[in-house]
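Data first, discussion second: the structure below is written as structure tokens.
The values are calculated or read from the model by the stated rules, or taken from the named source; none is laboratory data. Not measured: the values here are computed from a predicted model. When we count neighbours, we look across all protein chains shown, and the Cβ atoms used for this are built from the backbone with ideal geometry, even at glycine. Protein only, heavy atoms only, side chains kept; ligands, DNA and RNA dropped before computing areas. Shrake-Rupley method; radii C 1.70, N 1.55, O 1.52, S 1.80 Å.
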Amino acid sequence: MALPNLQMALRQWTEVVGADNVTSDATSLQAAERCTFGMENRIPAIVRPANRDQVQECLRVANRWQTPVYPISSGKNWGYGSRVPASDGCTLLDLGRMKRIVDFSEELAYVTVEPGVTQEQLYAFLKERKSRLWMDATGASPQCSLIGNTMERGFGHTPYGDHFSYVCGLEVVLPGGDAIETGFARFADSKAAPLHKWGLGPALDGLFSQSNFGIVTRMTVWLMPEPEYFQAYYFRCESAGDLRGIVDALRPLRLNGTIRSSSHIANDYKVISALRQYPWRETGGRTPLQGDLMKHFRREMKIGPWNGSGALYGTKAQVKEARRLLRQALSGKASRLQFLDDRMLRLAARFAKPYQMISGWNLERTLAVLKPVYGLMRGVPTEHPLASTYWRKRTPPPAQMDPDRDGCGLLWCSPVAPNDGAHAEHLTNLAAGIMLRHGFEPAISLTVLTERSIACIISIAYDRDVPGEDARAHTCYMELLETCSREGYPSYRLSVNSMSAKTGDGTYPNLLRNLKATLDPKNVLAPGRYIPSPDRESVLAATVAGSVRSR
């Protein structure tokens with residue numbers, strides 16, 4: 001990118017959004033360039049449009065001067081790249097000023113939002129109105145963007161946990177600056193625009209998730225009616241080998257609708273990192289944590305090699321029957337199956353200290369973890385899971401946590417497997433072996449995301465301030481990514497430093513290249529993000545050849 005082009009683009013972006021919303025000072029840019037793993041990509045400027053019209057004009061300027069831009073909503077994409085673009089030299093198009101909640105219906109259970117609307121903002125909006133609707137929340141920061149997470153196909157905890165399945169009516173600015181609306185929203189005054197996903201003709205919504213085909217500037221999110229009764233459940237396994245039976249026992253309940261929401265199964269490393277930081281004193285500073293010391297922490301914290309959680313939703317009668325079926329399914333396979341509702345949570349908090357005196361179990365510490373997870377199952381956002389990113393730091397998490405600023409190392413590998421016990425066991429054993437060999441604790445969680453599939457989140461947590469750790473973590477991550485894919489478990493989501501390595505050749509990526517070349521011939525929108533960069537000469541040659549053959 002030629003410097004004169006950038007300067008001309010900056011001058012025109014300033015005319016569009018105002019001088020206060022164009023940043024190029026070194027301190028701000030260095031902060032934006034930092035994420036939870038090693039990246040070398042540089043950001044020349046940050047531009048903050050306030051509405052769709054300004055986004056359109058910013059893209060026209062980018063095309064005019066062939067200066068690439070990279071859109072972010074809140075930049076809280078921790079573990080996958082934070083705010084850092086997938087390619088060097090991209091100006092950040094920060095959509096955080098676009099904070100409007102455009103439309104809301106209590107009766108039809110939906111809300112329409114812009115990219116800057118966060119989990120915290122929507123939760124406060126619903127609470128202020130005493131709404132009987134629940135949102136679905138992720139374990140990411142409350143400041144996480146709803147649109148940003150959904151476009152990455154993130155997931156949460158309630159029956160509406162598969163986020164992209166519960167949105168419609170996208171407003172999208174295309175790379176050239178034109179805007180479209182998907183589904184029925186493209187028809188003027190369509191009454192079903194926020195209610196019906198598919199509209200008429202080819203459905204385009206999916207093209208704009210995990211892609212660089214356009215910038216989503218508005219989206220309708222469907223909300224969940226508050227159930228008559230809600231009860232969370234928790235269980236643990238006494239042996240690592242129990243995982244296979246647990247997954248196979250839960251699958252029929254998910255398929256027949258007894259369990260309607262995402263179930264989570266976390267290993268001991270995942271739970272321990274949620275409860276405390278790395279035990280530097282007990283290990284004498286050695287890593288990774290394993291062996292007898294892990295057994296000690298399992299006994300002390302009353303956890304197992306695998307630990308499950310989920311929730312039951314419905315009428316009291318429905319939840320009672322679901323509870324019976326769950327007990328029956330897990331009988332002999334899981335221990336300490338416990339159910340928790342609001343009343344029991346209050347009692348547990350009230351009697352935590354006396355209970356500890358009698359049993360020796362620090363129930364208060366367990367409740368400190370249970371409460372945020374319990375809240376997530378009700379759509380209450382929390383920043384509590386962020387503390388686990390400080391796992392290997394030698395200082396405690398600050399009151400205002402910021403993993404990027406504080407040098408927390410975090411890389412997430414996210415393979416997907418069939419909802420089948422043998423596959424779950426094989427995948428987790430594979431991942432654990434690779435991570436321990438590279439010197440990292442295999443913190444692994446399994447989410448029964450749909451009736452038929454499991455999303456596995458493998459966390460590589462480390463301290464970026466330790467020399468050489470970034471390189472070691474990247475090597476471990478790439479081996480996980482490649483090995484899991486080779487074994488039949490490709491990831492559903494990639495970090496920005498691995499997108500170019502996983503595109504490959506063949507008909508599918510070639511089609512993506514052709515679409516990109518058509519929609520964004522100057523390759524100005526988020527180059528390198530999931531979609532292979534178009535080879536203009538190859539695309540042109542293929543187009544000409546096809547034209548000749550058709551004559």
Open item on the list: Going residue by residue through segment 99-111, is there one that turns out to be over 22 Å from Gly528 (Cβ atoms), open to solvent by less than 10 Å² (accessible area, probe 1.4 Å) and among the β-branched types (Val, Ile, Thr)?
Closed with: yes
Task: Top-ranked residue in segment 384-397 [being open to solvent by 50 Å² or more (accessible area, probe 1.4 Å) and part of a loop (DSSP other than H, G, I, E, B); ranked as nearest to Leu480 (Cα to Cα)] - done: Arg394
Task: Filtered residues of segment 158-205 (kept if closer than 21 Å to Ser74 by Cα and either open to solvent by 10 Å² or more (accessible area, probe 1.4 Å) or among the aromatic types (Phe, Trp, Tyr) (or both)) - done: Asp162, His163, Phe164, Tyr166, Glu171, Leu174
Open item on the list: Going by what's in this entry, would Pro467 be described as surrounded by fewer than 22 Cβ atoms within 10 Å (Cβ to Cβ) and closer than 19 Å to Thr389 by Cα?
Closed with: yes
Open item on the list: So, in segment 213-245, how many residues would count as being closer than 30 Å to Trp198 by Cβ and outside any strand (DSSP E or B)?
Closed with: 5
TODO: Please name all residue pairs, on different chains or six or more residues apart, with Cβ atoms under 6 Å, provided the first residue is in segment 217-241 and is more than 30 Å from Gly183 (Cβ to Cβ) and the second residue is among the acidic types (Asp, Glu) and modelled with pLDDT under 95.
DONE: Gln231/Asp341
TODO: Would you mind stating whether Ala471 is farther than 21 Å from Leu243 by Cβ and within 20 Å of the chain's Cα centre (by Cα)?
DONE: no
Task: Residue in segment 55-67 that is open to solvent by 20 Å² or more (accessible area, probe 1.4 Å) and without any contact (Cβ under 8 Å) to a residue 60 or more places away in the chain present - done: yes
TODO: Sort out which residues of segment 474-517 are assigned to a loop (DSSP other than H, G, I, E, B), within 21 Å of the chain's Cα centre (by Cα) and of a type outside the set (S, T, N, Q), and write them in order of number.
DONE: Tyr489, Pro490, Tyr492, Arg493, Leu494, Val496, Met499
TODO: Can you confirm whether segment 72-81 contains a residue that is more than 29 Å from Arg472 (Cα to Cα) and either touching a helix residue (DSSP H, G or I) at 6+ places or on another chain (Cβ under 9 Å) or crowded, with 16+ Cβ neighbours inside 10 Å (or both)?
DONE: yes
- [ ] Could you pull out the residue among Arg11, Arg42 that is open to solvent by 60 Å² or more (accessible area, probe 1.4 Å) and under 18 Å from Gly81 (Cβ atoms)?
- [x] Arg42
Task: Qualifying positions in segment 413-443 - among the small types (Gly, Ala, Ser) and on the phi < 0 side of the Ramachandran plot - done: Ser414, Ala417, Gly421, Ala422, Ala424, Ala431, Ala432, Gly433, Ala443
